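Participant: This structure is in structure tokens; I'll ask about it shortly.
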Number of protein chains: 2
Amino acid sequence: MLTDLKENFTHIFEDELIEEINQVGILREVKEGEKLIEIGDYVRSMPLLISGAIKILREDEDGDELLLYFLERGDTCAMTLTCCLGQTKSEIRAIAELDTTLIMIPIQKMEEWTGKYKSWRNFVFQSYHARLTEMLETIDSIAFYNMDERLVKYLQNKQKVTNDSLINSTHQEIAYELHTSRVVVSRLLKKLESMGKIELYRNSIKIISL
Amino acid sequence: MLTDLKENFTHIFEDELIEEINQVGILREVKEGEKLIEIGDYVRSMPLLISGAIKILREDEDGDELLLYFLERGDTCAMTLTCCLGQTKSEIRAIAELDTTLIMIPIQKMEEWTGKYKSWRNFVFQSYHARLTEMLETIDSIAFYNMDERLVKYLQNKQKVTNDSLINSTHQEIAYELHTSRVVVSRLLKKLESMGKIELYRNSIKIISL
DNA sequence: ATTTATCTGTAACTTTTGTTACTGCCAAGT
DNA sequence: ACTTGGCAGTAACAAAAGTTACAGATAAAT
């Protein structure tokens, strides 16, 4: 774990903090598709992402989903931060988008380190900022763009996160994450294909140029 | 100013911190409609809201607006926090919704206090949490609800913030903040009126029961 | 009092998105 | 080989939201 830590966080945290994380952190590996947090869960530890990616989803009372953003290497979950401190329930669902490695930090340490280490404070604030920014982008997408543009953004984002121009999703899955219907997704994907921007296969989409 | 401070923050901050705020904070009064922050501005101080309300708006490249949330008594601007620390530009616009009083804190103090005062840290984290939660509610509204429901939420919210069941807005102004067109707002308001939930006047709307 | 600008109401229409229904297709499992 | 279930394509339609246009009402300005 120490190696992972140093590789990913040595430029961010001072040695002493790295050592502390190494002491108390618990390494956790999750498989693609595995659920990390469910809406309503109490959160007891804070994840540092070493590798892989986690998707963060919001849900309404009917069970309809919406993809908010992805967490990647070096990220932490801002929601978790405040849930820990405020003892509130999770507002979101977190699912591994890829096989993912994380270090779990007990929440008591969070408070302690925030007083003790400037680098930790900066990290926490930067995380908040990054997440707020991503939330704003999500809001921009749903408020200012039509579904065709949102779909393109979605595909681009997915390609970036998975680092793979072949996206292994069904139209139905995409529809869930964009909170629309399968028929709409199929329709718009077909249009993108006819423009030569993607190629459609069963269970997967190849991105040519978006 | 000390009186204001004690009235609003004495349960949150320890005496020593109240004293420090009193030393370095600058009292500022803004009139309804006055702009506090524009998108792209660099932010050099952090506001503590004593009274009144501030609306936070997002804008797309075409200049279309969207109301994100209101800041009220006891709140601070989470965006500002990270903008200060990260030296980044503002992503949002802030306009006084009512006549408002705030205390402006120089950003250097922020970093200092975060290390020094636990109560300050908690306040900052709680602010982040509150703002993230409000952003989630905004996302819920635009992603999961139709315009008629969003309009009702908007009116309810406005009533709560201004503490007045008479809303002094034109249909056009509401349309801007919900990012839709005036005709749509007029249409839906008329429907609400015919249901007996509101009464429509020129430049104002009276809320009966929503 | 008359003009002017702004606000609201409404009709008619277009576009976008969502829904229903049915088809053929492919792949896994028997 | 054949059945079965999930996936994708498409048409036809419905609903929601956005657009254009215009008329009447009201308030402000001259």
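The values are calculated or read from the model by the stated rules, or taken from the named source; none is laboratory data. Model, not experiment: these values are computed from the prediction. Here the Cβ positions follow ideal geometry from the backbone for every residue, glycine too, while neighbour counts run over all protein chains shown.
Participant: Would you be able to say whether some residue in the stretch B:185-192 is away from DNA strand C (no atom under 13 Å from the Cβ) and either under 23 Å from the mean Cα position of the chain (by Cα) or in the same structural domain as B:ASP60 (by TED's automatic domain parsing) (or both)?
Facilitator: So far as the stretch B:185-192 goes, no, none of its residues is away from DNA strand C (no atom under 13 Å from the Cβ) and either under 23 Å from the mean Cα position of the chain (by Cα) or in the same structural domain as B:ASP60 (by TED's automatic domain parsing) (or both).
Participant: Could you tell me whether any residue of the stretch B:74-95 is among the charged types (D, E, K, R) and within 29 Å of A:ASP64 (Cα to Cα)?
Facilitator: yes
Participant: Now for a different question. Answer with yes or no whether B:ILE105 is over 30 Å from A:GLY63 (Cβ atoms), β-branched (Val, Ile, Thr) and within 16 Å of DNA strand D (Cβ to nearest atom).
Facilitator: No; evaluated as a whole, the condition is false for this residue.
Participant: Additional query: Please name all residue pairs, on different chains or six or more residues apart, with Cβ atoms under 7 Å, provided the first residue is in the stretch B:84-97 and is free of Cβ contacts under 8 Å to residues at least 40 places away in the same chain and the second residue is of a type outside the set (A, V, I, L, M, F, W, C) and crowded, with 21+ Cβ neighbours inside 10 Å.
Facilitator: B:GLY86/A:HIS129
Participant: For B:SER127, are the conditions met, namely being under 19 Å from B:ASP75 (Cβ atoms), more than 14 Å from DNA strand D (Cβ to nearest atom) and buried (at least 20 other Cβ atoms within 10 Å of the Cβ)?
Facilitator: yes
Participant: Any residue in the stretch A:166-181 that is within 17 Å of A:ASP148 (Cβ to Cβ) and within 13 Å of DNA strand C (Cβ to nearest atom) sitting within a Cβ distance under 9 Å of a residue that is assigned to a helix (DSSP H, G or I) and among the aromatic types (Phe, Trp, Tyr)? List the pairs, counting only those 6 or more apart or interchain.
Facilitator: A:ILE174/A:TYR154; A:GLU177/A:TYR154; A:LEU178/A:TYR154; A:HIS179/B:PHE144
Participant: While we're looking at this one, here's another question. So, in the stretch A:31-90, exactly how many residues are at the interface with chain B (Cβ under 10 Å from one of its Cβ atoms), β-branched (Val, Ile, Thr) and in contact with a Leu (Cβ under 8 Å, 6 or more places away or on another chain)?
Facilitator: Total satisfying the criteria: 1.
Results for (1) loosely packed, with under 15 Cβ neighbours inside 10 Å; (2) farther than 25 Å from A:GLU16 by Cβ; (3) within 21 Å of the chain's Cα centre (by Cα), shown as yes or no for each residue.
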position	(1), (2), (3)
A:THR101	no, no, yes
A:TYR117	no, no, no
A:TRP120	no, no, yes
A:PHE123	no, no, yes
A:LEU136	no, yes, yes
A:ILE142	no, yes, yes
A:ARG150	no, yes, yes
A:LYS158	no, yes, yes
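Participant: Filtering the stretch A:36-57 down to residues that are at pLDDT 95 or above and out of contact with any Ser or Thr (no Cβ under 9 Å at 6 or more places or on another chain), which residue is surrounded by the most Cβ atoms within 10 Å (Cβ to Cβ)?
Facilitator: Looking at the filtered set, the residue picked out is A:ILE56.
Participant: Checking B:GLN87 against (1) crowded, with 17+ Cβ neighbours inside 10 Å; (2) at positive phi; (3) not hydrophobic (A, V, I, L, M, F, W, C): exactly one of these is not met. Which one?
Facilitator: (1) is the only condition that B:GLN87 fails.
Participant: Give the stretch B:85-107 a look and list any residue that's at pLDDT below 90 and out of contact with any His (no Cβ under 9 Å at 6 or more places or on another chain), or say none.
Facilitator: Passing the criteria: B:GLN87, B:ILE107.
Let's see how each residue does on (1) in contact with a strand residue (DSSP E or B) (Cβ under 8 Å, 6 or more places away or on another chain); (2) within 16 Å of DNA strand C (Cβ to nearest atom); (3) hydrophobic (A, V, I, L, M, F, W, C):
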site	(1), (2), (3)
B:SER119	no, no, no
B:GLU134	yes, no, no
B:MET147	no, yes, yes
B:LYS158	yes, yes, no
